[in-house]
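Encoded as structure tokens, the structure appears first; notes follow it.
Quick note: the coordinates plus some simple rules give every number you see, no bench work behind them. The shown structure was predicted, so the numbers you read here are calculated from the model rather than taken from an experiment.
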Amino acid sequence: MRQLILHQAESKLSKRSRLFARSVSCDFEDGVLKLSGKVPTFYLKQTAQALLQGIDGVSRVENSLLVVSPYGVSSEPMAAAG
């Protein structure tokens, strides 16, 4: 079941955009599909999540994609200097 869900997720992402195929990774465990990687816009982050919400067997999509512009600006908060 795990491999089937991962195949469906990766197939949906790659059909939508080559960017997703290159920069987004999926993992599946206990009904939760986890997304990781980097995308250039918040819109693409949300698009990836929306594409995968209808897969049978997936109860929740955990979206850990980082939004990183082509200039290296990230949506991640900066770590405090110590």
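Run the numbers on segment 17-64 and let me know its relative contact order in percent, using alpha-carbon pairs under 8 Å that are six or more apart. Kindly include the intermediate steps, with their values, before the conclusion.
Numbers: 56 pairs, mean separation 18.9, N = 48.
Dividing the mean separation by the residue count of segment 17-64 yields 39 percent.
Kirkwood hydrodynamic radius, the chain, all distinct C-alpha pairs: what's the number in Å?
Values: mean 1/r = 0.0756 Å⁻¹.
In the chain this quantity evaluates to 13.2 Å.
Where both partners of a DSSP beta bridge lie in the chain, what percent of those bridges are antiparallel, to the nearest 5?
Working: 7 of 13 bridges.
Here the share of antiparallel DSSP bridges comes out near 55 percent.
Quote the relative contact order of the chain in percent (integer), defining contacts as alpha-carbon pairs under 8 Å separated by 6+ residues.
Details: 114 pairs, mean separation 22.4, N = 82.
Over the chain, the number comes to 27 percent.
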